[in-house]
Amino acid sequence: MATRRKPDDTTHQAPPRALPESATVVVAGGGPVGCACAALLARAGIDVAVLEASNSAGYDPRALAVAWSSRQTLADLGAWEGLPATPMHHVHVSEAGRPGSATLDASTAGLPALGYTVRYGDLAGALRAAVAASLYTGARVTGIDVPAAADAPAVVSVETADGPRRIEAQLLVVADGQGDWPGIRRHAREYPHQALLIDLRFEHATEGWAWERFTPEGPMAILPRLTPDGVSHTLVWSVPPQRAEALMALDDAALAGVIRAAVGPRLGRVLAIEARAVRRTTLAVARPRTGPRLAMIGNAAQTLHPIAGQGFNLGLRDAAALAARLADTPHGEIGSPAMLAAFERGRRSDQWGGVAYTDGLLRVASLGSGPVRLLRGLGLAALEVLPGARRALLARSVFGLHL
Ligand SMILES: Cc1cc2nc3c(=O)[nH]c(=O)nc-3n(C[C@H](O)[C@H](O)[C@H](O)COP(=O)(O)OP(=O)(O)OC[C@H]3O[C@@H](n4cnc5c(N)ncnc54)[C@H](O)[C@@H]3O)c2cc1C
């Protein structure tokens, strides 16, 4: 069977070194999830090559909430030490115009931190460094040919600055962030909200605190970032597209006023808007996430709305689960239908949990009036007094801090 991706017009610079002719596992995509998977495979002694289309990790405005459990995986890979990361010890959840609020504390969970804020670019750079010996940049995967013979390796097609190349592999792991592969059914729908990403400084910033706030226009998450000048924040606000456009058109002073009104008095005035960007938001799920000699992980397998901070954390668990399964699979069985079916089954409940949690949070957060809003307020009040409920929310907390 042959599958091909649509070519695109990305221009490449020369790859730094020649691609190998074969590898047990080829990973398409050297983003955080692809690199983490490859680093785990290399550590298990599996021969792996990561092919990354771009030549360098460019600037990306994302600040990711990284769960404690993800930190452990990153530390095991040697990608945590030296990574600029801001701890979150408390998450305050509140609703604009309502008295109910709740605070989630790391001490309740018996952890040093609920999670950490990390810049996407820093994380991607640290993971690329962790897998440097197996990483080939300027190499775009364009397709896979699977011979009819059950034990024959697949042939992966690659575009490089030096022309097309082919690599034999037992398994192609797709970690390209898009999952747009022929033969893979990807169910996708765009949300009627966009994500505003704003780097800003508040008057009363306190180290270790993150904020989740339900506003009439949509939910917002405010993540702390330690900088040489003190505590800064990245705000992610889910709003309808016309509102996102209108907010992006405001000057800094006017935008600061709107944010202050939405956030409420706890953080004080907005002292500076440092950067802003807007992103479309999508829910997409590959089902099944495997094909002949092919498995998808990370955003390729599921793309979630960023407000719940689940995407990277879930993708890292995909990477760890696939690496663990391959480490336990005899070499000749890597990429076999039985191995792929077991991986598919093993990831189903975590994948659907992430989708249901994120989508559910958005649905509840988008209901601006009536009984659901009342229940939301009561729920926050209950969380404040019921340790059991608080623990349950902590287990899959507002920023995807899957403990
Ligand atoms: C605004 C925003 C905020 C977010 N906040 C959080 C958060 O707080 N917590 C969280 O857990 N998640 C968050 N996410 C989600 C998180 O960013 C993603 O889940 C994560 O980046 C997925 O990583 P990935 O490696 O699967 O894909 P990507 O990061 O998209 O990387 C894919 C890589 O593949 C390369 N590539 C593409 N096509 C090819 C090809 N054909 N051949 C070779 N290489 C290719 C690309 O160049 C890229 O380097 C957020 C997302 C957004 C948009």
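The values are calculated or read from the model by the stated rules, or taken from the named source; none is laboratory data. If you're wondering where the values come from, they're calculated on a predicted model, not measured in any experiment. Positions of Cβ are generated from backbone atoms using ideal geometry, with glycine treated the same way; all protein chains shown enter the neighbour counts.
Residue-by-condition table, conditions (1) β-branched (Val, Ile, Thr); (2) at pLDDT 95 or above:
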residue	(1), (2)
LEU171	no, yes
PRO182	no, no
ALA221	no, no
THR227	yes, no
SER238	no, no
Verdict on VAL158 being within 11 Å of the ligand (Cβ to nearest atom), β-branched (Val, Ile, Thr) and at pLDDT 90 or above: yes
Of all residues in the stretch 274-297 being outside the structural domain of LEU340 (by TED's automatic domain parsing) and more than 20 Å from the chain's Cα centre (by Cα), the one that is nearest to the ligand (Cβ to nearest atom): ALA275
State whether the residues of the stretch 19-40 include one that is at pLDDT 95 or above, more than 17 Å from the chain's Cα centre (by Cα) and of a type in the set (Ser, Thr, Tyr). yes
Please give the number of the condition PRO240 fails out of (1) in contact with a helix residue (DSSP H, G or I) (Cβ under 8 Å, 6 or more places away or on another chain); (2) more than 20 Å from LEU104 (Cβ to Cβ). (1)
Matching residues in the stretch 126-144 - criterion: being closer than 21 Å to HIS331 by Cβ and more than 13 Å from the ligand (Cβ to nearest atom): ALA133, SER134
Consider the stretch 88-119. How many of its residues are farther than 22 Å from PHE214 by Cβ and among the small types (Gly, Ala, Ser)? 5
Count, please, the residues in the stretch 166-197 that happen to be closer than 20 Å to GLY34 by Cα and crowded, with 19+ Cβ neighbours inside 10 Å. 12
Name the single residue, out of those in the stretch 37-72 being out of contact with any helix residue (DSSP H, G or I) (no Cβ under 6 Å at 6 or more places or on another chain) and assigned to a helix (DSSP H, G or I), that is farthest from the ligand (Cβ to nearest atom). ARG43
Residues (within 6 Å of the ligand (Cβ to nearest atom) and surrounded by fewer than 24 Cβ atoms within 10 Å (Cβ to Cβ)) located in the stretch 298-310: PRO306
If we ask which residues in the stretch 20-36 are more than 17 Å from ASP122 (Cα to Cα) and in a helix (DSSP H, G or I), their number turns out to be 0
Given (1) under 17 Å from the mean Cα position of the chain (by Cα); (2) under 23 Å from LEU235 (Cβ atoms), ALA113 misses just (1)
